[in-house]
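The values are calculated or read from the model by the stated rules, or taken from the named source; none is laboratory data. Bear in mind the structure is a predicted one, so any value in this text is a computation, not a measurement. So basically every Cβ, Gly included, is an ideal-geometry build from the backbone, and we count neighbours across all protein chains shown. To get the accessible areas, we keep the full protein, side chains included, count just its heavy atoms, and leave off ligands, DNA and RNA. Shrake-Rupley method; radii C 1.70, N 1.55, O 1.52, S 1.80 Å.
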Amino acid sequence: MQIEVISSVNEAQADRFTHRTVIVIDVLRATSTIVAALEAGAASILPVETVLEARALQCGEHVLAGERFCRKIPGFDLGNSPEEFTPAAVGGKRVVLTTTNGTRALHKAMRADYVLAGSLNNAAACAAAAAELRRDIVLLCAGSHNEFALEDGLCAGLLISELRRISPTVIEMNDLGAAMLGYYRSSGERLRDMLLGSTTGRKLIKNGNARDVDHCCRINTSSIVPRLQGDSLCQT
Ligand SMILES: O=C(O)[C@H](CS(=O)(=O)O)OP(=O)(O)O
Ligand SMILES: [Mg+2]
């Protein structure tokens, strides 16, 4: 099995995804939030790229969610904070989600055979689901504003470590994959502090969302594996 880690949406060329499984990673916070939404019983998540597209879908049956500049978009029901996605808020509902980086990355990945959403919260389950799909795997780090984001790289390292644990075949990876595996392994007890000190972590703290970083840094707390089916993410 081949694993390629891509450092940000900016580096993502669609032809690299054909015949592959892509795991989109946006630890802070989009893919962690998508996992939380499905865990809370949301029927599906429709990722859209722009606020305008989201607003056009506003109706009684949809929950509109997302952020710009880390803040809830005016007129939307929810922001991009995983803990807002409670059963009362999203249970049985279709969520329309737009975020700065994560929903863009999901759209970039759509040419792949399979698209999953990965986070620290669901890494083991996500790796197991990806291995079962029997394709080479791309780990697409959403990054932040077209640049690499440390939290996504750490999650790529964790996913590779999980894939190596469960895969019966030899895994080959690109150099970025090898670097992120080593980086994740060296993080140990410092993982939370590393997320808090990252560029996005600092931005979230400044905006009063430190609790979200605590939520997003928990490893393997969820067995939910969001998978793109048509235009929406559903639980596999
Ligand atoms: O809401 C978030 O955590 C970020 C905001 S920013 O890009 O870091 O300003 O968006 P996301 O799409 O979840 O990376
Ligand atoms: Mg992010």
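Given the -39500 (n - 2.57) contribution per DSSP H run of 4+ residues, what per-residue ellipticity at 222 nm results for the chain, rounded to the nearest 500 deg cm²/dmol?
-10500 deg cm²/dmol
Taking R0 as 22 Å, what's the FRET efficiency between THR236 and GLU189 from their Cβ-Cβ distance, rounded to 0.05?
0.10
I want to make sure I understand the PRE zone here: with the label point 7 angstrom from the Cα of ASN146 toward its beta carbon, which residues in the range 98-128 have backbone N atoms less than 19 Å away?
Within reach of a label on ASN146: 99-109.
Set the Förster radius R0 to 30 Å, insert the Cβ-Cβ distance between ASN174 and ASP214 as r into 1/(1 + (r/R0)^6), and round the FRET efficiency to 0.05.
0.45
Name the lysines eligible as straight-distance cross-link partners of LYS203: C-alpha to C-alpha under 21 Å, and not fewer than 8 places from it in the same chain.
Straight-distance partners of LYS203: LYS72.
Keeping the other protein chains in place, figure out the carbon and sulfur percent of the accessible area of the range 70-182, with a 1.4 Å probe.
49 percent
Quick one: among LYS206, LYS93, LYS108, which has the greatest mean-square fluctuation in a GNM of the chain with alpha-carbon springs under 10 angstrom?
LYS206
Rounded to whole Å, give me the distance from the Cα center of the range 29-53 to that of the range 155-189.
26 Å
Tell me, what is the FRET efficiency for GLU83 and GLU49 to the nearest 0.05, using R0 = 22 angstrom and their Cβ-Cβ distance as r?
The formula returns an efficiency of 0.35 here.
Enter the accessible area per residue of the chain (Å², integer; probe 1.4 Å; all protein chains in place).
With the other protein chains kept in place, the chain gives 42 Å² per residue.
Please list the non-local residues whose amide H lies under 5 Å from the amide H of VAL225, H modeled 1.01 Å from N, same-chain partners needing a gap of 5 or more.
When sequence neighbours closer than 5 places are left aside, the close amide H contacts are THR236.
With contacts defined as alpha carbon pairs under 8 Å and 6 or more residues apart, what's the relative contact order of the range 2-225 in percent?
Dividing the mean separation by the residue count of the range 2-225 yields 33 percent.
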